[in-house]
1. State all residues of region 205-232 that are within 25 Å of Val391 (Cα to Cα) and buried (at least 17 other Cβ atoms within 10 Å of the Cβ); if no residue qualifies, say none.
2. Could you tell me which of the residues Thr66, Thr42 is free of Cβ contacts under 8 Å to residues at least 60 places away in the same chain and hydroxyl-bearing (Ser, Thr, Tyr)?
3. Could you please let me know if Val394 is β-branched (Val, Ile, Thr), open to solvent by 40 Å² or more (accessible area, probe 1.4 Å) and touching a residue at least 24 places away in the same chain (Cβ under 8 Å)?
4. Can you tell me how many residues within region 331-364 are open to solvent by 80 Å² or more (accessible area, probe 1.4 Å) and either free of Cβ contacts under 8 Å to residues at least 24 places away in the same chain or assigned to a strand (DSSP E or B) (or both)?
5. Which condition does Ala48 not pass, out of (1) under 21 Å from the mean Cα position of the chain (by Cα); (2) modelled with pLDDT of 95 or more, if it passes all the others?
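The values are calculated or read from the model by the stated rules, or taken from the named source; none is laboratory data. All figures in this text were calculated on a predicted structure; none of them were measured in a lab. We place every Cβ from the backbone using ideal geometry, glycine too, and count neighbours over all the protein chains shown. Please note that ligands, DNA and RNA were not included when accessible areas were found on the heavy atoms of the full protein model with its side chains. Shrake-Rupley method; radii C 1.70, N 1.55, O 1.52, S 1.80 Å.
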Amino acid sequence: TASDATTCANTSTTLVATGSTDYKWYAAETGGSEIATGASFTTPSLSANTTYYVAGASAPIVSEATPSPGVNTAADYNNNAGLLFDTNDDILLESFTMSAIQAGIRLIEVRNSLGDLVASTNVNIPAGESLVTVNFNIPKGDNYLIQIPSGLVQMRRTPVGNGVSYPYTSPNNIVSIVGNTFNAPDFYYFFYDWNFTSKGGQCESARTPVAVAVNADNPDLSDGDTTFAIDGGAVTPFNSGETITVNEGSDLVLDLPASAFSGTLLWTSPSAATFTTNSVALSSLQDNGAEEGAWTVAVTFDPNCGTATQTIDFNLAIDGTFSIGEDAIEGFEMYPNPVSETLTLRAAIPLDDSRVQIIDLSGRQLTQDVSMSNQGVNAITVNVSSLSNGVYFVALEANGSRVIRKLVKE
């Protein structure tokens, strides 16, 4: 078995399998050659979700001997020479029989099809026939060469007329001796009756998918993913470093939607109050109150593909110009609220010489957009049907006093 993995875009990750003695990794569910072996596999750099497959393999050790001509047919020879062979599995070439004309140290080596050295050793071989141990680890491959490349030779080889017939193949078709360095099919050189071990005959399980989820880099949340809404009005994006200005008495909702990122967040107010929800609702904001000043929202990403924490700084300014304070006009009433058409302002003092202002959330005067009429000495009606639905302020000045109330038009 192997666990799925998660990584960031344009990086690699290491997958680990357990439960078997050996493993083969593949890029496809069926077919194709293995792309790696062993309990762990490090992927290349990935830019998209990718699935690999791993198969468990039993690892019985197969010990075999490769047939050859009889060493008793060998004749004296004193030139550098060797044999060509293929192997269908990784092998440990343990030993072979050799027949030396005289005792001495011989260099024995194996090279691959490119001529690169795979293994070598110096062996003191006695005169006569003997078992020579080399313990060469040889990877699966074709066109290997085993030889005495230089130095003392003085060995015996089987010459023409003694029934040499290539290939000489092991019982399980793991190793096959296919020729010699002189391309002379009737000659066999030096290395008789090979003994080797391999993992040939492995039993391979069905391939198990291992999914790698590739996550994109952390988003930049400082460029407008955060939003605010004043008194239930339009949702407005804001950037890091901006100032949000609201009128005193307003309600404010700050928001960083969960859809914008994966992780956790922490809002911190000027008074060090903290919030861990995506939205923060602030009610009846007051000029110079605890909410006014420098705010931060810190985002910790999970999974993290970039900066572990991203902080958005902003300021909240509460404008007291249109503050809603205690009623300064005796007996003041404003109704209905919310209103759709006709608003009534009433007080215990005469209002026939009063001044009424309608102000939107940005501070614009909209008095010219409504019609007013006095209803007796103590009341004024205002037709607000022409106003768009939303939140406004109504300011009334009379007898040197002033009062402001929030109005909802629907």
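1. Result: Asp225, Thr226, Thr227, Phe228, Ile230, Asp231.
2. It is Thr42.
3. no
4. Summing the residues that are open to solvent by 80 Å² or more (accessible area, probe 1.4 Å) and either free of Cβ contacts under 8 Å to residues at least 24 places away in the same chain or assigned to a strand (DSSP E or B) (or both) in region 331-364 gives 6.
5. Only one criterion is unmet by Ala48, namely (2).
So that you can scan it fast, the table gives a plain yes or no per residue for (1) among the small types (Gly, Ala, Ser); (2) in contact (Cβ under 8 Å) with a residue 60 or more places away in the chain:
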site	(1), (2)
Asn183	no, no
Phe187	no, no
Ala206	yes, yes
Leu221	no, yes
Asp287	no, no
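So that you can scan it fast, the table gives a plain yes or no per residue for (1) at pLDDT below 95; (2) closer than 29 Å to Ala17 by Cβ; (3) out of contact with any Asp or Glu (no Cβ under 9 Å at 6 or more places or on another chain):
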| residue | (1), (2), (3) |
| --- | --- |
| Glu64 | yes, yes, yes |
| Pro69 | yes, no, yes |
| Leu92 | yes, yes, yes |
| Ile101 | no, no, no |
| Arg106 | no, no, yes |
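One line per residue, one yes/no per condition, for (1) under 42 Å from the mean Cα position of the chain (by Cα); (2) surrounded by 15 or more Cβ atoms within 10 Å (Cβ to Cβ):
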site	(1), (2)
Thr66	no, yes
Pro69	no, yes
Thr73	no, yes
Asp76	no, no
Gln102	no, no
Ile108	no, yes
Gly115	yes, no
Ile125	no, yes
Gly128	no, no
